[in-house]
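The values are calculated or read from the model by the stated rules, or taken from the named source; none is laboratory data. The structure displayed is predicted, hence computed values, not measured ones. Note that we place each Cβ from the backbone using ideal geometry, even for glycine, and neighbour counts take in every protein chain shown. Areas reflect the complete protein model, heavy atoms only, side chains present, ligands, DNA and RNA absent. Shrake-Rupley method; radii C 1.70, N 1.55, O 1.52, S 1.80 Å.
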Amino acid sequence: MDRVAIIRAEAQRFSDVLSETAPDARCPTCPDWTATDLLWHLTEVHFFWAGVLARNARADADLAAVEQSKPVRPDALADIAVLREQATASLLAQLENLADTDVRWSWWQPDQTVGFTRRMQTYEATMHRVDAELTAGLPVGAIGPDVASGALDHAVDVMWGWQPAGSHYEPRAVIDFIGSDTGQRWSVEFGRAGDWPRAQRASGMSRASGTVRGPVVDLALWAWTRGGDVEVSGEPASVAALDAVVSNGMG
């Protein structure tokens, strides 16, 4: 997978769509945001991670300088679009010059590498491009099966897996995600860590008490709360544990 090419193409499509959208149009998947807010969000994200990589940030203490280096948000959507192009170019220049194994800060403590940023930004750019198309009332464009399966991996292993420090994880159900077009299967254990609904990979010995079935792209969109046509079945308590995690969003 050429992640740099994917990020570049997805960010460009994202910007092109929003540039032709009413600035105050609401984003249905992020209802607190307008089209302008959505465009600024990815712009800010790319500036931030470009700064983390360029400044060799390795600890929380390094982030203040990264934040201070970001530009002030303009008022006009067109002006933000110019900054988005600069931000994406800066991020991609860093990714093209660094190896996945190079050490850099990330919010995901188990993986403090450039590789984490490269993966995360692949899926963030893709899903925000979907947000842009939904905001504009356009059909959702194609997502490669490899990107979709990676996005589901990332949802399970990272986005759903974060737990508050000192919390105790309690498993409640195992759900199998089944790609009806690819035959891929993800066995996922759903539960809670303190007040947080959480999930993690299920052990091979765990018995599934529910399934989510659909084409792999739809599985990824559904897991990332961007739509997707899937069939959910299983024991009511298991489906409730699944819904608690998915409806909590990507935090």
Asn56 fails exactly one of (1) open to solvent by 50 Å² or more (accessible area, probe 1.4 Å); (2) without any contact (Cβ under 8 Å) to a residue 24 or more places away in the chain; (3) of a type in the set (S, T, N, Q), namely (2)
Among Asp16, Asp131, the single one that is at pLDDT 95 or above, in contact with a helix residue (DSSP H, G or I) (Cβ under 9 Å, 6 or more places away or on another chain) and open to solvent by 50 Å² or more (accessible area, probe 1.4 Å) is Asp16
Residue hits (the stretch 184-207; modelled with pLDDT of 95 or more, of a type outside the set (Lys, Arg) and out of contact with any helix residue (DSSP H, G or I) (no Cβ under 8 Å at 6 or more places or on another chain)) are Ser187, Glu189
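Give the residue that is surrounded by the most Cβ atoms within 10 Å (Cβ to Cβ), with candidates limited to residues of the stretch 231-251 that are among the hydroxyl-bearing types (Ser, Thr, Tyr) and modelled with pLDDT of 95 or more.
First, the residues of the stretch 231-251 that are among the hydroxyl-bearing types (Ser, Thr, Tyr): 233, 238, 247.
Then drop every residue that is not modelled with pLDDT of 95 or more, which leaves 233, 238.
On the way: Ser233: 11, Ser238: 20.
The extreme case among them is Ser238.
Taking the options Asp75, Asp79, name whichever one is in a helix (DSSP H, G or I) and open to solvent by 70 Å² or more (accessible area, probe 1.4 Å). Working first, answer last.
Details: Asp75 fails: in a helix (DSSP H, G or I).
Just a single option satisfies the conditions, and that option is Asp79.
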Within the stretch 148-199, residues being farther than 24 Å from Asp2 by Cα and hydroxyl-bearing (Ser, Thr, Tyr) number 4
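Restricted to the stretch 201-230, and to residues that are among the basic types (Lys, Arg) and outside any strand (DSSP E or B), which residue is most open to solvent (accessible area, probe 1.4 Å)? Steps first, please.
We begin by selecting, within the stretch 201-230, every residue among the basic types (Lys, Arg); these are 201, 207, 213, 226.
Subset that is outside any strand (DSSP E or B): 207, 226.
Working: Arg207: 168, Arg226: 31 Å².
Ranking the candidates gives Arg207 first.
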